[in-house]
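Notes follow once the structure below has been shown.
The values are calculated or read from the model by the stated rules, or taken from the named source; none is laboratory data. Keep in mind it's a predicted model, so treat the numbers as computed, not measured. Neighbour counts are summed over all protein chains in view; Cβ atoms, including those assigned to glycine, are modelled from backbone coordinates with ideal geometry.
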């Protein structure tokens, strides 16, 4: 059991407001440092000793990469509801426009209890730019959990999209 993971000032349980911090000790826990390390091993397996790599065939590794990069419309989802950036928060999360084909994002997101997380490898094949970024943001201004009153669209996703754009611009201009 994790310790010190009570957050907020209250939460809803079975429709009733409980006036004490919400206990996250029994919720899923995947530290962003571990997420970032995992992504590195997926994207750049050759950078690690063989005993620290995943035991995947080339086909399995390729399938994993394709799955992480796939956009909802490519998987048969309705593009009006599940647009390209539906789960690509960095750079494009605040837009429903199609993403440029030369920018590929391999990522895994988290979206729960007012917390947004994106762990991504971003690659621009046209401009030879690539970088990794992992970030998490809590958007729960009222401090009440399980009330479905989170600022995902107003604060969190725009912040992560802009963070991705700023990092992309930095990498685009950085001398190599």
If I filter the stretch 139-154 down to residues being touching a strand residue (DSSP E or B) at 6+ places or on another chain (Cβ under 9 Å) and surrounded by fewer than 16 Cβ atoms within 10 Å (Cβ to Cβ), which single residue comes out as nearest to residue 14 (Cα to Cα)?
147
With (1) surrounded by 17 or more Cβ atoms within 10 Å (Cβ to Cβ); (2) farther than 14 Å from residue 160 by Cβ as the list, and residue 119 as the residue in question, which single condition is left unmet?
(2)
When residue 72 is evaluated against the numbered criteria (1) out of contact with any helix residue (DSSP H, G or I) (no Cβ under 7 Å at 6 or more places or on another chain); (2) in contact (Cβ under 8 Å) with a residue 40 or more places away in the chain, which criterion, by number, is the only one it fails?
(2)
Within the stretch 122-138, restricting to residues that are touching a residue at least 24 places away in the same chain (Cβ under 8 Å) and out of contact with any helix residue (DSSP H, G or I) (no Cβ under 7 Å at 6 or more places or on another chain), the one that is surrounded by the fewest Cβ atoms within 10 Å (Cβ to Cβ) is 126
Among (1) under 20 Å from residue 122 (Cβ atoms); (2) at pLDDT below 95; (3) part of a loop (DSSP other than H, G, I, E, B) - the single one residue 74 does not satisfy:
(3)
I need the full set of residues from the stretch 21-51 which are surrounded by 12 or more Cβ atoms within 10 Å (Cβ to Cβ) and assigned to a helix (DSSP H, G or I), in order please.
32, 34, 35, 36, 37, 38, 39, 40, 41, 42, 43, 45
Taking the stretch 102-122 on its own, how many of its residues are within 17 Å of residue 136 (Cα to Cα) and part of a loop (DSSP other than H, G, I, E, B)?
2
I'd like the full set of residues that are touching a residue at least 12 places away in the same chain (Cβ under 8 Å) and exposed (fewer than 14 other Cβ atoms within 10 Å of the Cβ), limited to the stretch 1-19.
1, 2, 3, 6, 9, 13, 17
Exactly one of 54, 82 is within 30 Å of residue 102 (Cα to Cα), at pLDDT below 95, in contact with a helix residue (DSSP H, G or I) (Cβ under 8 Å, 6 or more places away or on another chain) and part of a loop (DSSP other than H, G, I, E, B), and that one is 82
Determine, yes or no, whether residue 99 is surrounded by 15 or more Cβ atoms within 10 Å (Cβ to Cβ) and either in a loop (DSSP other than H, G, I, E, B) or without any contact (Cβ under 8 Å) to a residue 12 or more places away in the chain (or both).
yes
